[in-house]
Each structure stands twice: as C-alpha cells, then as structure tokens.
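The values are calculated or read from the model by the stated rules, or taken from the named source; none is laboratory data. None of the values given here were measured: they were computed from a predicted structure. Here the Cβ positions follow ideal geometry from the backbone for every residue, glycine too, while neighbour counts run over all protein chains shown. Surface accessibility is based on the protein's heavy atoms, side chains included, excluding ligands, DNA and RNA. Shrake-Rupley method; radii C 1.70, N 1.55, O 1.52, S 1.80 Å.
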Amino acid sequence: MASLKAVLFLGVCLSAWIVITAEQHFGPKVENVHWLSLDFKTILKWTVKKSNHTYQYNVRFSEDGDLHWNDCEDCSAVSDLECDFSNDLRPFDRTYTADIQTLPDTTDYDPEELPHTLSPPFNPYKDSKISAVQFTVEPVDERRVTVNITDTLTSVHVNGKQLTIRDIFKKDLKYKISYYKSGSTGKRDIKSDSSMAEVSKLDAGQSYCFMVAAYISSRTTNQGAWSQQLCTEGYRGVLQELSIGAWVGAVFILLTVIILISTVTVLCYRRYKQRYETTQTSQASTPV
C-alpha cells in the first residue's frame, strides 16, 4: 500500500514537472477563450497567466468539426490577447471552432507539440448579437402612422460594400414593433417583414410611444436589442398643426381685412349720407 502511494506521488510530481518544463519552453496555454460578436463584428478573446514574458500566438479555425485547420491571416504570431474574425468566417451560417497556439521563443519546434486551447463553437448567423436599430414615425392620418426602420450596418464588407443585417439575414429578418398609448401600461406588439410598417387602429388625437427591435425567428436568441423609445404627439389635423406664428399671422390678416371692410363701409356711408343731404337741401331751396 505504501509503495502504491509512493508511485502515485511520483506520478503527480512527474506530471507537474512536465507541465512546468513545457511552459518554460513553449509558454503557457491560454485560458478563458470566448467569442464576442455584435452586428457581425466578431472578436475571439482569451487570457493568459501573469508573466514577465510576452508570448505570441497563432490562431487557426475549422468549420463544422472539419479536421482541416485554416490559418487566420490577421492572427499569425500576434502578441494581443484577441483576434478579429469579422471577415474570416464565411459562410455565416456555419459553426466554427478556433484553436489558439502559444508560440515558443525558438523556431525549432514541432507544431503538434505547441500548447493550444480550443474555443467554444460559434455560429455567426445564430450567435452574433444585433444592436438597437434607428427608426422614425410619421403620421398618416388620425388613426395610422408609418414606422420607417433603418437596417443596421454590419462590420462585414463584400466587394467594397458594407453589408447591412438585411443583406445577411434576407427574408429571415423581421422587426418587432412595440407601442403603447401615453399614460397606459398596456403594450401591443406587431411584426413586420420589411423595414417600413404601418401601425393602424390608433385612438384619434392620442399620443403613442414606440420601440423597435430586429427579430430573427430561426435563432434561439431571436431578438436584437430594443431601440430607444420614440413618442409622438397625437394627430391633430392640418389646422391644429399650425404653429403659433402661423396662428398670429392668420389672426393679423383677418383683423386687417375686417378693418379695411369696416373703413370702406364707413366711408361709403358718409359719402352716401353727404350726397343725400345735399340732394334734400337742393330740393328744399327750389321754388314750387
């Protein structure tokens, strides 16, 4: 029994010595490997144990569990603890795994002996988060408004063109529009297949508040971030939409017209009365 404990103790010591020796020669394995992706700006990050030595790393990746590894051109012999995969993961709807290798100081090494750490699997189409969208609301009439949504730009460029989330998700992209009457707690939700939607059956003359989020039904996390809230005034018609300045101008014009009409009427009346009195005087002085 004592001999067995001695063998186990020796094995643990030997393993620890191998790990320490490997780290001294090749450098430590990286840790906490994780993906961060927003609007297809995809960054792979990792950490490493504190050391006075700066290490370099090679990053490669494979697609859908393929045993063939592809080198990441922008992440070869880098000292940063991250790698930008935004323009490498194609097609988007595939599952990728990255492998981070710690490089030794010497060029004389077998790549298969390098310390390496695999990343969690990542699918850009399903896992990249979608940020809040921008939108406007325009009244159509007293019971309808039009919501105009701007498709968010991604970090992906193809043939010199910066793609939007609509370019990537195509018909899979919808928008969820949430709205409620000001002062009310009851919200209503509708979904739109396009970037322009009409919201109808609103209460005439009431103010409403709107929020919009991208919605991709095929994803587990199918909704993007909510936009900022946008509240509108109740539709009041053309006359009520006039500004204070317009009202003052209209009243001034109306008063001017009334004064002109009154002045002309008074002048005409005085002239008529003068002519009438002259006529009466003339008739009275004429002998019978």
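Given the structure, is D88 assigned to a loop (DSSP other than H, G, I, E, B) and open to solvent by 20 Å² or more (accessible area, probe 1.4 Å)? Here the answer is yes, as D88 does meet what is asked. Filter the stretch 19-39 down to the residues that are under 19 Å from D99 (Cα atoms), among the charged types (D, E, K, R) and modelled with pLDDT of 70 or more, then identify the one that is surrounded by the most Cβ atoms within 10 Å (Cβ to Cβ). Taking the candidates together, the pick is K29. How about the stretch 215-241: which of its residues are touching a helix residue (DSSP H, G or I) at 6+ places or on another chain (Cβ under 6 Å) and modelled with pLDDT of 95 or more? Result: I216, single match. From the list T97, T102, T54, the lone residue that is over 22 Å from L36 (Cα atoms) and either open to solvent by 40 Å² or more (accessible area, probe 1.4 Å) or not in a loop (DSSP other than H, G, I, E, B) (or both) is T54.
Yes or no, residue by residue, for (1) out of contact with any Leu (no Cβ under 6 Å at 6 or more places or on another chain); (2) without any contact (Cβ under 8 Å) to a residue 24 or more places away in the chain:
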| position | (1), (2) |
| --- | --- |
| H53 | yes, no |
| Y57 | yes, no |
| S62 | yes, no |
| S76 | yes, yes |
| C83 | no, no |
| D93 | yes, no |
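Taken together, the residues in the stretch 169-190 that are assigned to a strand (DSSP E or B) and within 27 Å of R94 (Cβ to Cβ) amount to 4. The residue that is farthest from P121 (Cα to Cα), counting only those in the stretch 59-73 that are open to solvent by less than 40 Å² (accessible area, probe 1.4 Å) and outside any loop (DSSP other than H, G, I, E, B), is V59. Tell me yes or no: at least one residue of the stretch 194-201 is under 17 Å from the mean Cα position of the chain (by Cα), assigned to a strand (DSSP E or B) and either surrounded by fewer than 19 Cβ atoms within 10 Å (Cβ to Cβ) or charged (D, E, K, R) (or both). Within the stretch 194-201, one or more residues are under 17 Å from the mean Cα position of the chain (by Cα), assigned to a strand (DSSP E or B) and either surrounded by fewer than 19 Cβ atoms within 10 Å (Cβ to Cβ) or charged (D, E, K, R) (or both).
Counting only residues that are part of a strand (DSSP E or B) and within 23 Å of R94 (Cα to Cα), the stretch 125-167 holds 11 of them.
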